[in-house]
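Read the structure below first, then the notes.
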Amino acid sequence: MIALFVGLRLYAVLGQRTGHEQQPVTRPEAAPAAEAVPAKTGPAAAGTDPAGFAFEQGAAGGIRAIIAADGGFDVARFLEGAQAAYRMILEAFWSGDRATLARLASPDVCAAFEQAIADRETQGHTHDNRLVAIERATIDDARLNGRVAEIDVRFDAYVSAVTRNASGEMIAGSMTDAVPTNDVWTFRRTLRGDDPNWQLVDTDEAA
């Protein structure tokens, strides 16, 4: 039941907002152009590290605890890696690259991705999506439980999303417009362990 819940939430979050369940092609509404992504203004974060990367007030205590447990932790470097993982995981999902998903996501999350890919393949659909820009990446929350650290990252991005049928015909989306997407992804790592990489363990839609 837990795996099913994770799967359904992933299907809803990644599906509806990254091109898996788009509306049929109609006359496009006004949307931000892919060539000119507007700057977004939002509530100021509670703090920043020296490189200017932001974290919300609720994350400050968790960040301090993680730094105390692992002196090598760096907020700027973590957020750079999180943005790279965000791009790689989305592109792997869109292209059906199961090996990359298995490397970057936990088994439960990976299983949900794979089910969505299998459903898409059964329908004969493919995604011709592109991550136009990550407008902002902010640490929403951070926790340390023993040696296990978890960090929630909010991504505000623009995606150009197109779904094609088995004949290659576009059945949903737009090739010229980018749509906003807002996600909160949770990354987990065992501090001072053998594996230095953070793993995606949950996804959700940002409020």
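The values are calculated or read from the model by the stated rules, or taken from the named source; none is laboratory data. Note that the structure is a prediction, hence the values are computed from the model and not measured. Cβ sites come from the backbone with ideal geometry, for glycine too, and all protein chains shown count toward neighbours. Heavy atoms of the whole protein, side chains included, go into the accessibility calculation; ligands, DNA and RNA do not. Shrake-Rupley method; radii C 1.70, N 1.55, O 1.52, S 1.80 Å.
Side notes on the structure shown:
- Solvent exposure of Thr122, expressed as accessible area, is near 120 Å², computed with a probe of 1.4 Å over the protein chains only.
- Available extension along the chain between Glu80 and Asp128 is 14.8 nm, counting 0.36 nm per residue and deducting the alpha carbon span.
- Figure note: Arg164, Arg188 ranked by solvent-accessible area, largest first, 1.4 Å probe, ligands and nucleic acids not counted: Arg188, Arg164.
- Heavy atoms of Ser95: accessible area, 1.4 Å probe, square angstrom to 10: 90 Å²
- Nearest-10 value in Å² for the accessible area of Leu144, using the 1.4 Å probe: 60 Å²
- In sequence order, calculated HN-Hα J values of segment 88-94 (Karplus, 6.51, -1.76, 1.60; Hz; x Gly/Pro): 5, 5, 4, 5, 5, 5, 5
- Simple spin-label estimate for Glu91 and Glu121 gives 2.1 nm between the two label positions (7 Å along the Cα-to-Cβ direction from each Cα).
- Taking every alpha-carbon pair in segment 85-207 and binning the separations at 10 Å intervals from zero gives 13, 37, 35, 12, 3, 0 percent.
- Segment Ala102-Asp204, length gained on full extension (0.36 nm per residue, minus Cα span): 34.8 nm
- Solvent exposure ordering (accessible area, 1.4 Å, most first) of Met175, Met170: Met175, Met170
- A straight chain from Ala68 to Leu191 at 0.36 nm per residue would run longer than the Cα-Cα distance by 43.2 nm.
- Its Cα gyration tensor gives segment 72-147 an equivalent ellipsoid; the semi-axes, largest first and in whole Å, are 27, 16, 10.
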